[in-house]
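Novice: There's a structure below that I have some questions on.
The values are calculated or read from the model by the stated rules, or taken from the named source; none is laboratory data. Computed from a predicted model, the values in this text were never measured in an experiment. Using ideal geometry, Cβ is built from the backbone for each residue, glycine included, and neighbour counts are taken over all protein chains shown.
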Amino acid sequence: MKGIRTRLVVYFGLILLLIVLLLEGLFYWAVHSYYFGTATEALVTRTTTFTNFINKYTTSYSVKDKARYILENVSNQEYAKVEVLDVNGKVILNSYGFQTGEIINTPDVIDALKGQTGIHVGKNPKTKERIIAVSNPLLFANEYMGVLRYTISAEPLYNAVNRIALYGAGVGAGVVILAFALSLLIAKRIVDPIKDLTKAATQMAKGNFTARAAKRYDDEVGTLAEAFNYMAAEIGKNEKLKNDFISSVSHELRTPLTSIKGWGETLISGGLDEPEETLLGLEVISKETDRLIGLVEELLDFSKFQSGEMKLSRERMDIREVLDDLHLQFAIRSQEKQVELVLELPQVPLIVMGDHNRLKQVFVNLLDNAFKFTPPGGTITLSAEKSGDMLIITVTDTGEGIDADDLPHVTGKFYKGRSKQSGSGLGLSICKEIIDLHAGHFNVSSSLGQGTSISVDLPLAKNP
């Protein structure tokens with residue numbers, strides 16, 4: 001019984017078979033009790049009534065006289081065998097007019113000689129016929145001087161009971177067969193969805209992450225199918241993420257490494273004899289090395305976020321200090337690119353509970369992106385303001401903007417959209433993760449050709 005379907009059918013069938021057998025047994029017992037109880041009760045009533053009549057009107061008769069009197073007054077329609085026994089259990093006379101001399105010592109006779117109404121259901125010792133016998137004591141001068149015994153054949157009762165039981169067994173067998181058929185149908189409804197899940201899982205194991213299991217019924221197996229499909233979708237996303245990761249990292253690593261290798265070979269072959277070329281080569285190598293370091297740091301941060309190992313070192317801080325430092329840090333780049341950098345801060349402290357280095361990392365990334373996509377003559381505005389219990393920090397540029405199709409995905413991992421700028425596609429994703437860890441909100445709005453605005457909402461620190 002390896003299959004679930006087989007086990008379900010067998011177990012369900014066995015349970016039902018046991019129930020049917022139990023009910024059949026109870027039914028047989030009830031029918032048997034009813035038939036034999038009714039017959040015995042009727043026989044007891046007739047025996048007791050006739051015995052009381054004999055004892056009342058033949059008080060002076062001897063046992064043999066009583067026997068003759070009984071024989072004379074037994075109804076012609078009496079179907080029971082009537083016998084008169086002496087105190088030793090010897091048959092004096094029966095309703096057929098015979099003096100058999102047979103000794104009967106069945107329990108009913110023994111009880112009757114004790115003054116009780118005796119009942120016996122058993123077999124006739126001679127004919128082996130099943131019988132029901134009822135005996136009552138015969139009195140003479142208030143003493144027990146014999147037994148009046150009524151006997152009927154129980155064979156018709158047994159035949160009737162067995163016939164009814166046979167009908168019941170036929171009905172029970174029909175119920176069992178129908179139940180087995182229903183159990184097969186139920187097992188099929190349970191097993192088929194599981195087979196679908198197994199097939200889908202096998203397809204996934206072979207690398208087909210588009211495989212899905214059909215939800216046939218709204219039950220536990222259906223819920224399992226939904227969970228499986230959700231898992232398959234997540235695995236598919238992770239597989240795509242992995243492929244995007246490999247593609248993006250390979251591309252981003254190849255460019256700086258190629259530059260470093262090229263200039264390294266150039267410097268080696270030039271023998272370092274030309275100072276200007278040597279200085280240019282070293283500057284390129286240094287710049288590309290910084291790019292590699294930045295990429296590795298982004299990948300390390302991404303790995304920490306994925307594994308849930310990113311921890312914040314929170315402290316009370318005035319965010320204005322971070323923004324002032326960044327304004328000074330990007331001042332030279334602003335002059336080089338001929339892009340105006342505007343800082344708009346209120347005069348009051350802007351206190352938050354945050355990780356200084358991580359928040360600075362966020363705004364460095366936002367300003368770096370703004371400078372990448374803002375042409376000469378443009379403007380970048382870094383501003384902060386309070387709004388209720390939240391602090392809203394906004395980086396707005398007048399650059400090329402983001403296409404409406406790309407906008408919903410810019411905070412996704414490794415997503416670069418239509419941009420041809422270098423980068424891993426992790427910057428905004430990491431920024432969003434950091435702000436989420438600060439219980440804040442990260443929002444991007446943009447119009448193609450008009451610029452981009454990114455706002456960071458952080459909860460203000462409560463007064464100590």
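Novice: Being surrounded by 12 or more Cβ atoms within 10 Å (Cβ to Cβ), touching a residue at least 12 places away in the same chain (Cβ under 8 Å), in a strand (DSSP E or B) and among the acidic types (Asp, Glu) is the requirement here; does residue 83 meet it?
Specialist: yes
Novice: So residue 390 ticks every box in (1) surrounded by fewer than 18 Cβ atoms within 10 Å (Cβ to Cβ); (2) at pLDDT 90 or above; (3) within 41 Å of the chain's Cα centre (by Cα); (4) not hydroxyl-bearing (Ser, Thr, Tyr) but one. Which box is left unticked?
Specialist: (3)
Novice: Further, regarding this structure: Tell me, which residue of the range 325-359 that is under 17 Å from residue 371 (Cα atoms) and polar (S, T, N, Q) is surrounded by the most Cβ atoms within 10 Å (Cβ to Cβ)?
Specialist: Taking the candidates together, the pick is 334.
Novice: Okay, next question. In the range 143-150, is there at least one residue being loosely packed, with under 14 Cβ neighbours inside 10 Å and either modelled with pLDDT under 90 or touching a strand residue (DSSP E or B) at 6+ places or on another chain (Cβ under 9 Å) (or both)?
Specialist: Yes, that holds for at least one residue.
Novice: Only one of 31, 109, 84 is farther than 23 Å from residue 149 by Cβ and among the β-branched types (Val, Ile, Thr). Can you tell me which?
Specialist: None of the others qualify; the one that does is 31.
Rundown of residues vs (1) surrounded by 17 or more Cβ atoms within 10 Å (Cβ to Cβ); (2) outside the structural domain of residue 287 (by TED's automatic domain parsing); (3) modelled with pLDDT under 80, yes/no style:
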residue: 424; (1), (2), (3): yes, yes, yes
residue: 438; (1), (2), (3): yes, yes, no
residue: 448; (1), (2), (3): no, yes, no
residue: 451; (1), (2), (3): yes, yes, no
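Novice: Does residue 211 fit the bill of being within 27 Å of residue 186 (Cα to Cα), surrounded by 15 or more Cβ atoms within 10 Å (Cβ to Cβ) and either aromatic (Phe, Trp, Tyr) or at pLDDT below 80 (or both)?
Specialist: Criteria met by residue 211.
Novice: Also, I was wondering about something else. In the list 292, 272, 328, which residue meets the criterion of being modelled with pLDDT under 85 and at negative phi?
Specialist: When all the criteria are applied, what remains is 292.
Novice: Here's a check for you: in the range 86-102, which residue that is polar (S, T, N, Q) and surrounded by 15 or more Cβ atoms within 10 Å (Cβ to Cβ) is modelled with the highest pLDDT?
Specialist: 94
Novice: If you don't mind, another one. Only one of 58, 45 is without any contact (Cβ under 8 Å) to a residue 60 or more places away in the chain, touching a helix residue (DSSP H, G or I) at 6+ places or on another chain (Cβ under 7 Å) and not small (Gly, Ala, Ser); which?
Specialist: 58
Novice: If you don't mind, there's one more thing I want to ask. If residue 70 satisfies every condition in (1) aliphatic (A, V, I, L, M); (2) modelled with pLDDT of 85 or more; (3) part of a helix (DSSP H, G or I) but one, which is the exception?
Specialist: That leaves (2) as the condition not met.
Novice: Looking at the structure I just gave you, is residue 344 among the charged types (D, E, K, R), in contact with a strand residue (DSSP E or B) (Cβ under 9 Å, 6 or more places away or on another chain) and in the same structural domain as residue 395 (by TED's automatic domain parsing)?
Specialist: Considered against the rule, which asks whether it is among the charged types (D, E, K, R), in contact with a strand residue (DSSP E or B) (Cβ under 9 Å, 6 or more places away or on another chain) and in the same structural domain as residue 395 (by TED's automatic domain parsing), residue 344 comes out as yes.
Novice: Could you go through the range 22-35 and let me know if any residue there is within 53 Å of the chain's Cα centre (by Cα), surrounded by fewer than 16 Cβ atoms within 10 Å (Cβ to Cβ) and touching a residue at least 24 places away in the same chain (Cβ under 8 Å).
Specialist: Yes, that holds for at least one residue.
Novice: While we're on this one: Could you check how many residues of the range 38-58 are closer than 15 Å to residue 112 by Cα, surrounded by fewer than 13 Cβ atoms within 10 Å (Cβ to Cβ) and either in contact with a His (Cβ under 6 Å, 6 or more places away or on another chain) or not polar (S, T, N, Q) (or both)?
Specialist: Residues meeting the conditions: 0.
Novice: Quick one: which of 158, 96, 144 is closer than 15 Å to residue 39 by Cβ and either touching a Cys at 6+ places or on another chain (Cβ under 9 Å) or touching a residue at least 12 places away in the same chain (Cβ under 8 Å) (or both)?
Specialist: Every option except 158 fails the conditions.
Okay, residues lined up against (1) outside any helix (DSSP H, G or I); (2) under 18 Å from the mean Cα position of the chain (by Cα); (3) of a type in the set (Phe, Trp, Tyr):
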site	(1), (2), (3)
152	yes, no, no
165	no, no, no
175	no, no, no
198	no, yes, no
203	no, no, no
216	yes, yes, no
231	no, yes, no
